[in-house]
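> Dumping the structure here so I can ask a few things about it.
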């Protein structure tokens, strides 16, 4: 029986798991029910289970043979704080919470791989299954590492996977080097001096200064970065004033900055501070720019990327593996794990994404058709990296 046959045998079971998790979404560090569900499944498969890292994290360990090599596979468990617009039977039962990014499917695919590998034991070494909380914005991966993830569970490499609407079912995408951008935020306070709107000469208008600042910030990417470097700087909030006839005392701008490299990231931060200082001087306002670094860029390691691509090509054919997949400006906290351990992050095709079925959309739903394919990749990866060299 092939690996894909083994995972297809449990496809209906995995679909039940996935839909149960989807119906009970839990947000960052609140994944209590999900974590218990995962832990019970892993224990029933015969894995050693550890709970409590980053509050709700779960780590399962499966050993086979006498080898001392190890590999970690990671899935995220948390949902988003948004209302679901779907009407199918497994829609969210928790108002204001929804699995709109497919973490329910990621968790299920990794559980399926754990079950198949626990039954087959077709590897030599230790396979570590990491079920991580709080991927969305909070950085649960960073917290797991800070609390000793790789000290308690030493591994040689770590691998991650995310579904990708718009990529055809049966296809995978990956690339060596940057795969996802950093996810930084900024908050800029423009302090002026309030006045009657009919007498602007008595004040310092923070709205005019703020508007100039929004325009000037766009020149950082278009005029300060090298043309071949990629960066995004978006102002997403502008808050000022409460009355029609009052020039407010202050304005607050907020937004996000994205980059694939540390150099561009540094340039964006320095540019925001420089432009803010210039606008402050030009308009007579005081401007305080607070730049908050979030997830670092996710950078795939060359050797591990080649390993992942080789495994995928054997699974679905070279024509269905995009080795130079376009990176995303979205953030992904698996980046923290790749800062500590060699590894690779891949995209698995989730289908066309039509009818609003894109990530972070209220109509999104994970495609159950790809559950056995994702699980088969995990199984094959473990078997390849921890190739069995002993008999018995």
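> If the requirement is being at positive phi, surrounded by fewer than 21 Cβ atoms within 10 Å (Cβ to Cβ) and assigned by TED's automatic domain parsing to the domain that holds residue 156, which of these qualifies: 52, 102, 67?
52
> So residue 96 clears everything in (1) touching a strand residue (DSSP E or B) at 6+ places or on another chain (Cβ under 9 Å); (2) surrounded by fewer than 24 Cβ atoms within 10 Å (Cβ to Cβ); (3) at positive phi except one condition, right? Which one?
Here residue 96 clears every test but (1).
> Here is a check on your reading of the model: is residue 185 surrounded by fewer than 17 Cβ atoms within 10 Å (Cβ to Cβ) and under 17 Å from the mean Cα position of the chain (by Cα)?
yes
> Take the residues in the range 287-303 that are in contact with a helix residue (DSSP H, G or I) (Cβ under 9 Å, 6 or more places away or on another chain) and not in a strand (DSSP E or B), then tell me which one is surrounded by the fewest Cβ atoms within 10 Å (Cβ to Cβ).
Here the residue is 301.
> Here's another thing I want to ask about it. Answer yes or no as to whether residue 368 is crowded, with 21+ Cβ neighbours inside 10 Å and at pLDDT 95 or above.
No; evaluated as a whole, the condition is false for this residue.
> Step by step: first the residues of the range 31-84, then only those that are without any contact (Cβ under 8 Å) to a residue 24 or more places away in the chain and outside any strand (DSSP E or B), then the one that is farthest from residue 334 (Cα to Cα). Which residue is that?
44
> Only residues that are over 30 Å from residue 195 (Cβ atoms), part of a loop (DSSP other than H, G, I, E, B) and without any contact (Cβ under 8 Å) to a residue 60 or more places away in the chain: list them for the range 220-245, please.
Selection gives 225, 226, 227, 228, 229.
> Right, something else. If you check 169, 190, 116, which single one turns out to be more than 20 Å from residue 76 (Cβ to Cβ), touching a residue at least 24 places away in the same chain (Cβ under 8 Å) and crowded, with 24+ Cβ neighbours inside 10 Å?
190
> Do we find that residue 246 is more than 19 Å from residue 277 (Cα to Cα), at pLDDT 95 or above and assigned by TED's automatic domain parsing to the domain that holds residue 269 in this structure?
Yes, satisfied.
> In a loop (DSSP other than H, G, I, E, B) and either out of contact with any helix residue (DSSP H, G or I) (no Cβ under 7 Å at 6 or more places or on another chain) or modelled with pLDDT of 95 or more (or both), is that true of residue 187?
So residue 187 fails the test.
> Which residues, counting only those in the range 252-283, are touching a helix residue (DSSP H, G or I) at 6+ places or on another chain (Cβ under 9 Å), within 15 Å of residue 214 (Cα to Cα) and part of a helix (DSSP H, G or I)?
268, 271, 272, 274, 275, 276, 278, 279, 280, 282, 283
> A further question on this structure: Using the structure shown, decide if residue 20 is assigned to a helix (DSSP H, G or I), more than 22 Å from residue 127 (Cα to Cα) and either touching a helix residue (DSSP H, G or I) at 6+ places or on another chain (Cβ under 9 Å) or at pLDDT 95 or above (or both).
For residue 20, the condition - assigned to a helix (DSSP H, G or I), more than 22 Å from residue 127 (Cα to Cα) and either touching a helix residue (DSSP H, G or I) at 6+ places or on another chain (Cβ under 9 Å) or at pLDDT 95 or above (or both) - is met.
> Now, a different point. Every residue in the range 308-339 that is more than 14 Å from the chain's Cα centre (by Cα), surrounded by 20 or more Cβ atoms within 10 Å (Cβ to Cβ) and part of a helix (DSSP H, G or I), please.
Answer for the range 308-339, where residues must be more than 14 Å from the chain's Cα centre (by Cα), surrounded by 20 or more Cβ atoms within 10 Å (Cβ to Cβ) and part of a helix (DSSP H, G or I): 308, 309, 311, 312, 315.
> Only one residue in 222, 216 is under 30 Å from residue 300 (Cα atoms), out of contact with any strand residue (DSSP E or B) (no Cβ under 9 Å at 6 or more places or on another chain) and at pLDDT 95 or above, so which one is that?
From the options 222, 216, the qualifying one is 222.
The values are calculated or read from the model by the stated rules, or taken from the named source; none is laboratory data. Everything numeric in this text was worked out from a predicted model, so none of it was measured. Note: ideal-geometry Cβ built from the backbone for every residue, glycine included; neighbour counts use all protein chains shown.
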